[in-house]
Amino acid sequence: MVSKASKAKAPNPRITAGLKDLFRRPRALLAAGVLLMMVFAAVAAPLIMPYDPNAQMFEGLSLEGAPLPPSAQFWLGTDLLGRDLFSRLVLGTRTSLIIGVVANGIAVFVGAAVGITAGYFGGWIGGILMRFTDLMMAFPALLLAIVLAAIFKPSLLIVALVIAMVNWVQMARVIYTETRALAQREFIEVQRAMGSGPLRIIGRHILPHLVYSIIVFGTLGISTTVLLEATLSYLGVGVQPPTPSWGNIIFENQTYFATAPWLVFLPGLAILLLALSFNLLGDALRDTLDPRLKGRH
Amino acid sequence: MWGYLFRRLMQSLLILLGISLVTFVLLYLVPADPARQIAGRSATAETVANIRAQLGLDQPFYVQYGRYLGNLLQGDLGRSYLQRTEVSTLIWARMPATLLLMLGAIVAELVMGLTIGAVAALKRNTPIDQSLMVFSFVTISAPQFVVGILLLYVFAVRLGWFPIGGYGTFAHLVLPALTIGLLGTGWYSRMMRSSMIDVLAHDYVRTARAKGLGKLRIVTRHVVPNAILPIIAMIGIDIGMFMSGIVVVESVFGWPGIGQLAWQAIQRVDIPIIMGVTLISACFIVLGNLLADIIAPLVDPRIKLK
């Protein structure tokens, strides 16, 4: 293990081997395939959408004014305003992925920064930071997010920030524990004795060891983020209509779930697939990148 | 043991104090002026100023927090802006429904989770194990409101086995408890599986086998009881997960608990109620974690007290 610190710069054999191993797992491959499709849908949304997702079409409603079930004309049916559900779901992919990646990116950054600072320096700084982390852990995440979303006027960025504010905690705990163990190892002591500054030690010698955990928990975290965004939007305090998000599509149409179930279950399936893919991928990454945990979780 | 208990109790109290501070800061930050909301749209500036003074909103931050904390210690969570009632009264009236749902959910997730985990461990690395583990991933990846609506659609609307929502009989409890329980099932089955695998590798299991005990007897008498030990403490931590789910699930099923109360308050931006529910939920989580830390070393003497 000690030798690894010295060759942190060389292409990391554990990651290449891990990636190769990853592609031998059917679950991970399937998850990666779903994610690629979703990313493609999000990027190429304007090319894929058969209709304007916000157009309320006359022919999109039955003569009685009810939404239409899936058909050749409207592949996934229409919603209660006569809008094409497929087009709205495709554009919703964008919302979910953007918030998932941005919110989780911020959460990972904040969590890692707090965890590393507290773990490396310890003492009263570490004490204060970790007590604050404990405090945030005791807050019911969803309720806290709702309160925050109610205080600030919801926009895409605010929703992402709110989710990040409640989601950095797990990452901080994991990184804190690992940094703490690393900071007491001999090769770090040696660096300190040689006069390297804390920034250099953290950047060169601690961070490379944390990369695996950051990748694994970062991937699993996107799943939590996607679910939280969907839930906030479903409760009406997340992404605001007419911007389509899978959660607010369900929010808008849920009263019709008995007569037009596709309006609830198709967006629901999309949320499930996205969250499930990140969970499966994160789990496979944990197995391949960290052999110590193999088969234990 | 007593020293450890005392330290953990003090830590929990400190966390609760911190939570009250964070809640108050959030309340303080709310741009909506409670005085204006209470007085109504047509009130004069003078009336609003009077109400502000009456509520003490014109005093500095620390004075307001001091009073808030004092009120909290007496069980006073403030007044609802719109319902003109004490928040604590509203919450206590709805607590039994939420506690009942919690009990139902815990029973559901333990029964399903432990069974699935045990079967998966016994059939380790077979297609059965793999499908059960994929199922556990599905349950933790599915948004609870979709699961709730799906169960409603299939078992209430289509099959008519259960009522479409509401409260009162055992039949009303089944679907909401299942909805919350399914999320927990995912976590418990994965923990149970890995705990069972650990226990199955122990010498005493091999000895029992060598003695010629039947497989069923070994599993029910020796493996399952030992595998469950580390999981019991998780029930406490589980309360936190439960608290996050009640807002959604209670509103989907029209369950008259504190989650529905919070959801109605969200629609009307009735901040004191949302804050009250948040604070009570946080207390539950702290209490649950404390319970977990106390129970864990009791049921499993290998865990050292720190």
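Observations on the structure shown:
- Criterion (assigned to a helix (DSSP H, G or I), within 22 Å of the chain's Cα centre (by Cα) and not assigned by TED's automatic domain parsing to the domain that holds B:Val277) met by exactly one of B:Thr179, B:Thr139, B:Thr89: B:Thr89
- Exclusive hit being touching a Gly at 6+ places or on another chain (Cβ under 7 Å), assigned to a helix (DSSP H, G or I) and not β-branched (Val, Ile, Thr), set A:Ala145, A:Ala164, A:Ala172, A:Ala150: A:Ala172
- Subset of the stretch A:70-96 that is under 12 Å from A:Leu266 (Cα atoms) and among the aromatic types (Phe, Trp, Tyr) - its residue that is surrounded by the fewest Cβ atoms within 10 Å (Cβ to Cβ): A:Trp75
- Of the helices (runs of 4 or more DSSP H) lying entirely inside the stretch A:191-279, those containing at least 1 residues that are within 14 Å of chain B (Cβ to nearest Cβ) are A:207-234, A:246-253.
- Selection from the stretch B:142-165 of residues that are part of a helix (DSSP H, G or I) and without any contact (Cβ under 8 Å) to a residue 12 or more places away in the chain: B:Val146, B:Leu150, B:Tyr153, B:Val154, B:Val157, B:Arg158
- Under the condition of being within 22 Å of the chain's Cα centre (by Cα) and loosely packed, with under 15 Cβ neighbours inside 10 Å, the residues counted in the stretch B:98-131 number 4.
- Checklist (1) within 14 Å of chain A (Cβ to nearest Cβ); (2) at positive phi applied to B:Phe242, failing item: (2)
- Residue within the stretch B:280-301 that is within 11 Å of chain A (Cβ to nearest Cβ), closer than 29 Å to B:Tyr68 by Cβ, touching a Phe, Trp or Tyr at 6+ places or on another chain (Cβ under 7 Å) and buried (at least 23 other Cβ atoms within 10 Å of the Cβ) present: yes
- Residue among A:Phe109, A:Phe152 that alone is among the aromatic types (Phe, Trp, Tyr), within 14 Å of another protein chain (Cβ to nearest Cβ) and within 22 Å of the chain's Cα centre (by Cα): A:Phe152
- Test for A:Pro244: is it in contact (Cβ under 8 Å) with a residue 12 or more places away in the chain, crowded, with 24+ Cβ neighbours inside 10 Å and in contact with a Lys or Arg (Cβ under 8 Å, 6 or more places away or on another chain): yes
The values are calculated or read from the model by the stated rules, or taken from the named source; none is laboratory data. Only a predicted model underlies this, so the values are computations on that prediction, with no experimental measurement involved. We place every Cβ from the backbone using ideal geometry, glycine too, and count neighbours over all the protein chains shown.
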